[in-house]
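> If you scroll down you'll find the structure; I have some questions about it.
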Amino acid sequence: NAGVTQTPKFQVLKTGQSMTLQCAQDMNHNSMYWYRQDPGMGLRLIYYSASEGTTDKGEVPNGYNVSRLNKREFSLRLESAAPSQTSVYFCASMGVGTVVLDSPLHFGNGTRLTVT
Amino acid sequence: RKEVEQDPGPFNVPEGATVAFNCTYSNSASQSFFWYRQDCRKEPKLLMSVYSSGNEDGRFTAQLNRASQYISLLIRDSKLSDSATYLCVVTEGDMRFGAGTRLTVKP
């Protein structure tokens, strides 16, 4: 049981380059999330998808786009990377839909992105 | 003001010590509360949910005070393996994380 799988684990980009972070879960969860984690800031929500076919902005969506390709996959795209997007990115999924009562998030291993 | 605030830490304690972390939240409509643990350069993992009546899991006790809008985590008889960053999580439709409190347990 793989849980939540993220690729790549590490990436270095030059300013202005684009890339897509991939995320897939095999737990049949409805909701999927993308977070970024910066020192002293905790995890901040970039985008989320409450169910297949829907996506919504989180706290820090600027500079990112997402696609909920199907129930399993939720990708995050940086169209023109900036140094401010250097961070650790985590994908997560959750079994309950938009109402969180007692369902924990399951995280992927993270992607460490550096933009120079 | 941040929506979820935690003790700044770091906490450095000897093995066997009791240590407590607090977390305050700003949205009185918050529904659910959790403590997550994150090891260095790893993903966060659920430590325990926090129930209204308080709950205990072995050496860990979580408490919720809705009136004062804070939750707490108490760790008794600290072990070296408890060294990690502890994240407070509050749900407000989506899940909001505190910045985390780093704990180091020393021999």
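> Filtering segment B:33-84 down to residues that are within 21 Å of A:Gln37 (Cβ to Cβ) and either open to solvent by 80 Å² or more (accessible area, probe 1.4 Å) or part of a loop (DSSP other than H, G, I, E, B) (or both), which residue is farthest from the other protein chains (Cβ to nearest Cβ)?
B:Ser83
> Follow-up question, since we're still on this one. Please determine, by comparing only the residues of segment A:27-54 that are open to solvent by 60 Å² or more (accessible area, probe 1.4 Å) and within 13 Å of chain B (Cβ to nearest Cβ), which one is modelled with the lowest pLDDT.
This residue is A:Met41.
> Take segment A:19-71 and flag every residue that is aliphatic (A, V, I, L, M) and touching a residue at least 60 places away in the same chain (Cβ under 8 Å).
First, pick out the residues of segment A:19-71 that are aliphatic (A, V, I, L, M): A:19, A:21, A:24, A:27, A:32, A:41, A:43, A:45-46, A:50, A:60, A:66, A:69.
Across segment A:19-71, the qualifying residues are A:Met19, A:Leu21, A:Met27, A:Met32.
> To continue, here is another question. Answer yes if at least one residue in segment B:4-21 is under 22 Å from A:Met94 (Cα atoms) and within 14 Å of chain A (Cβ to nearest Cβ), and no otherwise.
Yes.
> A further question on this structure: Kindly indicate whether B:Ser28 is part of a loop (DSSP other than H, G, I, E, B), within 14 Å of chain A (Cβ to nearest Cβ) and out of contact with any Ser or Thr (no Cβ under 7 Å at 6 or more places or on another chain).
Working: part of a loop (DSSP other than H, G, I, E, B): yes; within 14 Å of chain A (Cβ to nearest Cβ): no; out of contact with any Ser or Thr (no Cβ under 7 Å at 6 or more places or on another chain): yes.
No, not satisfied.
> Collect the residues in segment B:1-35 that are modelled with pLDDT of 95 or more and touching a Pro at 6+ places or on another chain (Cβ under 8 Å), keeping them in residue-number order.
B:Pro14, B:Glu15
> Still on this model: Across segment A:1-26, what is the number of residues that are within 14 Å of another protein chain (Cβ to nearest Cβ), open to solvent by 50 Å² or more (accessible area, probe 1.4 Å) and aliphatic (A, V, I, L, M)?
Summing the residues that are within 14 Å of another protein chain (Cβ to nearest Cβ), open to solvent by 50 Å² or more (accessible area, probe 1.4 Å) and aliphatic (A, V, I, L, M) in segment A:1-26 gives 1.
> Let me ask something else. Do you know which of the residues in segment B:74-107 that are within 20 Å of B:Tyr51 (Cα to Cα) and among the aliphatic types (A, V, I, L, M) is modelled with the lowest pLDDT?
By that ranking, first place goes to B:Met95.
The values are calculated or read from the model by the stated rules, or taken from the named source; none is laboratory data. Predicted model, so just to flag it, every value in this text is computed and none were measured. Note that each Cβ is placed from the backbone with ideal geometry, even for glycine, and that neighbours are counted across all protein chains shown. Accessible surface areas use protein heavy atoms only, side chains included; no ligands, DNA or RNA. Shrake-Rupley method; radii C 1.70, N 1.55, O 1.52, S 1.80 Å.
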